[in-house]
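**Student:** Would you mind keeping the following structure in view while I ask a few things?
What follows is calculated from the coordinates using simple rules that are stated; it is not laboratory data. These numbers come from a predicted model, not from an experiment. FYI the Cβ positions are ideal-geometry reconstructions off the backbone, even for glycines, and counts take in every protein chain you see.
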Amino acid sequence: MGKYFGTDGFRGEANVDLTVEHAYRVGRFLGWYYGQQQPDGGRCRIVIGKDTRRSSYMFEYALVSGLTASGADAYLLHVTTTPSVSYVVRTEEFACGIMISASHNPYYDNGIKVINGRGEKLEEAVIEKIESYLDGKMGEIPFARRDRIGRTVDFAAGRNRYVGYLISIATRSFKNMRVGLDCANGSASSIAKNVFDALGAETHVIHNSPDGLNINTDCGSTHIGRLQAFVRENRLDVGFAYDGDADRCLAVDENGELVDGDRILYICGKYMKEQGTLVNNTVVTTVMSNFGLYKAFDREGIAYEKTAVGDKYVYENMAQNGHCLGGEQSGHIIFSKHATTGDGILTSLKIMEVMLEKKERLAKLASEVTIYPQVLKNVRVKDKNAAQEDGDVQAEVRRVADLLGDAGRILLRQSGTEPLIRVMVEAPTDAVCGQYVDQVIGMMKKKHHVLE
């Protein structure tokens, strides 16, 4: 991770950590950088989408100013989802795409996600160049002049094409299915209901009235309780909750019970194996997926790989190895046949496909995975590397792993942004989890790594 860009773009509080000056300069660099790569001096085309935060409009205008001042044409999708930007970039041959969103963060945060011409998250080498420019290390970029100045193009049609693409993926009509959608007052508000209505569902929607300040506020995938109650009260067949930019999805079964990303990976992975479409018979997860998911995969004879936390790393593994399904517990699910990023609405369509093709309720499909209790504690330490690599701490971790055997697991992981070691244990009971977590933390204290 760089100084400004993390695993999911340049993110922070609007006009505090991420300012309009930052956005303008990011636009200046991208317009110039991709302009240099156009054959025969052709004009560079860059597409922009945004979520519903009040500051998204401010950042959109700043980015457009920077892009056009560098000679690029800026195509505006307006309020849309992150995966729709990825789709439009790769199908309409844009040089790159920009999504203005802080995903599941509160309204006062925002972010700039840059997507390359293949619809994937931007390469680290280019991010390093952007950061060098932001820090004033590469000199000034020339302004475009006269007829080389860029223009702004309304491109709402691109979003409509994405909606059509989603509808085309469904294998059956959703007629007679009562579906609840929680749009988190975010990007899904402009798309999700249209898709489900077009497929024939009886669609019931909550939190689809964004006002610039209510995105993710007590709603969406980070506050799933609202949708759970809504599904129970209205006796719906299924519910889906999205986050602010709709790149993740969590589901709720007909009883109002949560079906998280791990269970979604299992449901879709098992179905795809049965259909002969699970390439390499492998699902890609992160190290934070629940131990119960791996037990269920073992039972079904499905292989799996584990990456660092972040859908960026999941997709990198999938692309390198040719796998077609991967994701995170949080609901970032990637179906590489259809998308290069997590796509919440696509994920909900794939869950509907399994339910309809197998004629099963979601509660039955999800019941095949037993989620193990988990205890995770964050330990503030003097030195993350010293604490994690300490021989006595590692020996204690191995002792716990031996005691757990095949009935659980232990994981030590450094925070990417804070001086923290995360100690996580999954086991058959909460008491066992807590006991072993405290055992490892006790050793870290004994070796004087912990800041009291």
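**Student:** If you take the alpha carbon radius of gyration of the range 308-452 and divide it by 2.2 N^0.38 Å, what ratio comes out, to two decimals?
**Tutor:** Numbers: Rg = 19.0 Å, N = 145, 2.2 N^0.38 = 14.6 Å.
Normalised Rg, Cα atoms only: 1.30.
**Student:** Which whole number of Å³ per residue matches the convex hull of the alpha-carbon atoms in the range 326-380? Intermediate values should be presented prior to the final figure.
**Tutor:** Values: hull volume 6.4 nm³, N = 55.
Residue-normalised Cα hull volume stands at 116 Å³.
**Student:** Can you sort 183, 219 from fewest to most other Cβ atoms within 10 Å of each residue's own Cβ? Before the final figure, lay out the partial values.
**Tutor:** On the way: 183 30, 219 25.
Least to most surrounded, the residues fall as 219, 183.
**Student:** To continue, here is another question. Which of 94, 230 comes first, and how do the rest follow, when ranked by fewest Cβ neighbours within 10 Å?
**Tutor:** Working: 94 25, 230 21.
Ascending number of Cβ neighbours within 10 Å: 230, 94.
**Student:** Let me ask something else about it. Hey, what did the chain get for relative contact order, percent, Cα under 8 Å, at least 6 apart? List each step's numbers first, then the result.
**Tutor:** Working: 1008 pairs, mean separation 53.1, N = 452.
Computed over the chain, the figure is 12 percent.
**Student:** If you place +1 on the Cβ of every Lys and Arg and -1 on the Cβ of every Asp and Glu, how big does the dipole about the Cα centre of the range 218-322 come out, in debye to the nearest 20? Mind dumping the intermediate values first?
**Tutor:** Values: 11 positive and 17 negative charges, 53 e Å.
Computed about the Cα centre, the dipole is about 260 debye.
**Student:** Here is a further query. Using the Cα atoms as the points, what is the convex hull volume per residue of the range 5-156 in Å³? Each step should come with its number before you reach the end.
**Tutor:** Working: hull volume 15.5 nm³, N = 152.
About 102 Å³ per residue, rounded to a whole number.
**Student:** Under the definition of Cα pairs under 8 Å and six or more residues apart, what whole-number percent is the relative contact order of the range 268-362?
**Tutor:** 25
**Student:** Still on this structure, please answer the following. Suppose we keep just the alpha-carbon trace of the chain; what are its Rg and Dmax in angstrom?
**Tutor:** Values for the chain (Cα only, Rg and Dmax): 22.8, 72 Å.
**Student:** 5 Å is the cut-off here: which amide hydrogens, built 1.01 Å from N in the peptide plane, fall below it relative to residue 6, excluding neighbours closer than 5 in sequence?
**Tutor:** When sequence neighbours closer than 5 places are left aside, the close amide H contacts are 11.
**Student:** Using the 2.2 N^0.38 Å rule of thumb for compact globular proteins, work out how the range 76-163 stacks up: its C-alpha Rg over that value, please.
**Tutor:** Values: Rg = 15.0 Å, N = 88, 2.2 N^0.38 = 12.1 Å.
In units of the globular-protein estimate, the range 76-163 measures up at 1.24.
**Student:** Run lengths n ≥ 4 of DSSP H only: what is the helix-derived mean residue ellipticity at 222 nm for the chain, with -39500 (n - 2.57) per run over all residues, to the nearest 500? Present the calculation step by step, with values, prior to reporting the outcome.
**Tutor:** Details: 15 runs with 178 residues, N = 452.
Value at 222 nm, helices only: -12000 deg cm²/dmol.
**Student:** Another question about this same structure. Taking the highest mean first, how do the peptides 100-110, 313-323, 393-403 order by number of other beta carbon atoms within 10 angstrom per residue?
**Tutor:** 100-110, 313-323, 393-403
**Student:** Nearest 5 is fine: what % of DSSP beta bridges in the chain come out antiparallel, could you say?
**Tutor:** Numbers: 34 of 65 bridges.
Around 50 percent antiparallel, to the nearest 5.
**Student:** Could you tell me what fraction of 2.2 N^0.38 Å the Cα radius of gyration of the range 170-366 comes to, as a two-decimal ratio? Walk me through the numbers on the way to the answer.
**Tutor:** On the way: Rg = 15.7 Å, N = 197, 2.2 N^0.38 = 16.4 Å.
The reported ratio for this selection is 0.96.
**Student:** Still on this model: Along each of the three principal axes of the Cα atoms of the range 124-264, give the extent in whole Å, ordering the values from largest to smallest.
**Tutor:** Sorted largest first, the three principal extents are 61, 29, 29 Å.
**Student:** How large is the charge dipole for the chain, taken about the Cα centre, if only the Cβ atoms of Lys, Arg (+1) and Asp, Glu (-1) carry charge, to the nearest 20 debye?
**Tutor:** Numbers: 54 positive and 59 negative charges, 107 e Å.
Here the chain has a charge dipole of around 520 debye.
**Student:** Considering Cα pairs under 8 angstrom that are at least six residues apart, work out the relative contact order of the range 21-88 and quote it in whole percent.
**Tutor:** On the way: 108 pairs, mean separation 30.2, N = 68.
Worked out over the range 21-88, it gives 44 percent.
**Student:** For the range 170-366, give the magnitude of the charge dipole about the Cα centre (Cβ charges: +1 Lys/Arg, -1 Asp/Glu; no others), in debye to the nearest 20. Write down the numbers at each step before the final one.
**Tutor:** Values: 21 positive and 26 negative charges, 120 e Å.
Here the range 170-366 has a charge dipole of around 580 debye.
**Student:** From zero up to wherever the largest Cα-Cα distance of the range 204-316 sits, split into 5 Å bins and tell me the percent of pairs in each.
**Tutor:** Answer for the range 204-316: a P(r) of 2, 11, 18, 18, 18, 14, 11, 5, 2, 0 percent.
**Student:** Another question, if that's okay. May I have the pair-distance distribution P(r) for the range 374-446, computed from all Cα-Cα distances with 5 Å bins from 0 and rounded to whole percent?
**Tutor:** Whole-percent P(r) values from 0 Å outward: 3, 18, 31, 25, 15, 7, 1.
**Student:** Now for a different question. Which lysines does residue 3 reach when only Cα atoms under 22 Å apart count, and residues fewer than 8 places away in its own chain are ignored?
**Tutor:** Leaving aside lysines fewer than 8 places away in the same chain, those within reach of residue 3 are 113, 121, 129, 137, 312, 382, 384.
**Student:** Ordered by packing density, taken as the mean number of other Cβ atoms within 10 Å over each peptide's residues, highest first, how do 190-200, 431-441, 242-252 rank?
**Tutor:** 242-252, 190-200, 431-441
**Student:** Would you work out which of 70, 116, 181 lies farthest towards the positive end of the dipole of the chain, given +1 charges on the beta-carbon of Lys and Arg and -1 on that of Asp and Glu, about the Cα centre?
**Tutor:** 70
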